[in-house]
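Taking it in order: structure first as structure tokens, then the write-up.
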Amino acid sequence: MSTVTAALGTGRARRVRAALTALLAAAVAGCIPFYFAPFQVFQLTMVLLYAVALAGLNLLVGFGGQISLGHGAFFAAGAYTTAVMLDRYDTGHLATLPVAAAGCFLLGLGFGVPALRLRGLYLALVTLSFAVFLPPLLKRLEPVTGGSMGLTVDKLQPPAWSGLAEDQWMYFVVLAVTAVALLLVRNLLRSRVGRALLAVRDNESAAEVMGVRLSLHKTLAFAWSAMFAGVAGCLYTWVIGFVSPDSFSFVLSITLLAGLVVGGLASLYGPLLGAAFVMYVPSVSQDLSEAAPGVVFGLLIIAVMFVAPTGLAGLPDRVRAAVARRRPHTAATLVRTPEAVSEPEAEPKSPAGSAPDAEPKSQAPSAPSAPLDPANPAVADAEPVGAPPRTEKE
């Protein structure tokens, strides 16, 4: 009974701690746009929308065990869907979000079919090919996409009742969408679908024996992942107000995957850390070396992977483990030190080098052994060593 009570108390304390952490994070996030410059608010907005794309990619790669090098294409699909609706059909901004999400979800369903028969490098090659041929295709569809010149659309404007600037209003809108997306991913992983997805990642054969439909969950993983990437692309169009094929090259797909690995695979907080890496590290690399920013970017990735092989999200656990390994050694040193100081003085040894309580051995000289003469009666009556005792009859 006490164990159950302790477990309930621990669970309640964990929920209270999580609620307090969420309230503190919400308070800090709500104050950010009022204390930073507009350009810094814009950068944080981009971090949030990249976090949405990485959350979907994490659902596929980190929790689904599959690999994709073409998520930049799904990102572009959501961005161009929003831009075409705003430019050609004069649709409201908020109405483009569900359309971009649904369209990319269907695109992910169709693209998830190769995932049923391919895996590893072969699946990565197929997804990379999608990211490679999409930009030239967008250039060819000039009547719809604007060709190489792209499309320029209006940004999302704040309502008059908000009293906020454009960058502040955009920040709060993207923050709300990001919070909903991360909460949806969290709830999805805790549902039956999420548990089945984890089972497929760990062992496909065992999951199939347990009744998990591999084809369904692999395809759904691609669909959900593509949907989040499409939502991020829609937010990108709202924030930037311009789309072009050159903005969505295959380098974007490689950067998103690198950001996820750096942030931490199979971690709920990894997409946020990876999005910050994707947003800030290229600009830092450009400041450090204008001639070869890609070299600096690659070196920074190597350095982060050397310090935190499991990603930035797993770095605190590694630090705690290192402290825990060092703590017993320090405690043992502190325990041994007083004993070494208060060690009693050694007792003086006896002159002979023996222990003082040991009885002295007899110093009587031993008589020389007599020769064994059978004629001698004393020798003849002596019992051999190890012989049984004599009886009276003998």
statement: Taking region 153-174 and keeping only residues that are part of a helix (DSSP H, G or I) and touching a Ser or Thr at 6+ places or on another chain (Cβ under 8 Å), one is left with Asp167, Trp169, Met170, Tyr171, Val174
field: Evaluation of Phe250 against (1) over 21 Å from Gly120 (Cβ atoms); (2) out of contact with any strand residue (DSSP E or B) (no Cβ under 6 Å at 6 or more places or on another chain); (3) aromatic (Phe, Trp, Tyr) (one fails), failing number
entry: (1)
query: If you check Ser162, Ser205, which single one turns out to be more than 26 Å from the chain's Cα centre (by Cα) and surrounded by fewer than 17 Cβ atoms within 10 Å (Cβ to Cβ)?
result: Ser162
field: Checklist (1) open to solvent by 10 Å² or more (accessible area, probe 1.4 Å); (2) within 20 Å of Phe248 (Cβ to Cβ); (3) part of a helix (DSSP H, G or I) applied to Ala53, failing item
entry: (1)
message: Residues that are open to solvent by less than 10 Å² (accessible area, probe 1.4 Å) and either basic (Lys, Arg) or in a loop (DSSP other than H, G, I, E, B) (or both): does region 111-120 have at least one?
response: yes
- prompt: Within region 28-43, restricting attention to residues that are assigned to a helix (DSSP H, G or I) and open to solvent by 40 Å² or more (accessible area, probe 1.4 Å), which residue is nearest to Thr237 (Cα to Cα)?
  reply: Phe42
- prompt: How do the pairs read when you match residues in region 79-94 that are without any contact (Cβ under 8 Å) to a residue 40 or more places away in the chain with residues anywhere that are assigned to a helix (DSSP H, G or I), using Cβ under 7 Å and keeping only pairs 6 or more apart or on different chains?
  reply: Met85/Thr96; Met85/Val99; Thr91/Met85
Scope region 283-302; condition open to solvent by 50 Å² or more (accessible area, probe 1.4 Å) and closer than 21 Å to Leu265 by Cβ; matching residues: Leu300, Ile302
- prompt: Looking at this structure, is Gly150 small (Gly, Ala, Ser) and either in contact (Cβ under 8 Å) with a residue 12 or more places away in the chain or open to solvent by less than 40 Å² (accessible area, probe 1.4 Å) (or both)?
  reply: yes
field: Leading residue by the ranking (most open to solvent (accessible area, probe 1.4 Å)) among those in region 208-220 that are in contact with a Leu (Cβ under 8 Å, 6 or more places away or on another chain) and charged (D, E, K, R)
entry: Glu208
message: Considering only region 132-140, I want to know if a residue exists there that is more than 30 Å from Ser247 (Cα to Cα), touching a residue at least 40 places away in the same chain (Cβ under 8 Å), within 30 Å of the chain's Cα centre (by Cα) and open to solvent by 70 Å² or more (accessible area, probe 1.4 Å).
response: no
In region 221-250, the residues that are open to solvent by 10 Å² or more (accessible area, probe 1.4 Å), under 22 Å from the mean Cα position of the chain (by Cα) and more than 24 Å from Thr310 (Cβ to Cβ): Met227
- line: With the first residue restricted to region 15-35 and required to be at pLDDT 85 or above, and the second required to be surrounded by fewer than 10 Cβ atoms within 10 Å (Cβ to Cβ), Cβ contacts under 6 Å at 6 or more apart or on different chains are none
- prompt: Out of all the residues in region 306-326, which are open to solvent by 50 Å² or more (accessible area, probe 1.4 Å), over 23 Å from Val185 (Cβ atoms) and not β-branched (Val, Ile, Thr)?
  reply: Phe306, Pro309, Arg318, Arg320, Ala324, Arg325, Arg326
task: Restricting attention to helices (runs of 4 or more DSSP H) lying wholly within region 207-323, give those where 2 or more residues are over 21 Å from Ala181 (Cβ atoms) and of a type outside the set (A, V, I, L, M, F, W, C).
output: 214-240, 270-288, 293-307
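Got a sec? Which of Ala266, Ala258 is open to solvent by 20 Å² or more (accessible area, probe 1.4 Å), in contact (Cβ under 8 Å) with a residue 60 or more places away in the chain and farther than 30 Å from Thr91 by Cβ?
Details: Ala258 fails: in contact (Cβ under 8 Å) with a residue 60 or more places away in the chain.
Unique residue meeting the criteria: Ala266.
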- prompt: When residues of region 89-111 are filtered for being of a type in the set (Ser, Thr, Tyr) and at positive phi, how many remain?
  reply: 0
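The values are calculated or read from the model by the stated rules, or taken from the named source; none is laboratory data. Since this is a predicted model, take the numbers as computed values, not measurements. Quick reminder, even Gly has a Cβ in these numbers, built from the backbone with ideal geometry, and neighbours come from all protein chains shown. Side chains included, ligands, DNA and RNA excluded: accessible areas come from the protein's heavy atoms. Shrake-Rupley method; radii C 1.70, N 1.55, O 1.52, S 1.80 Å.
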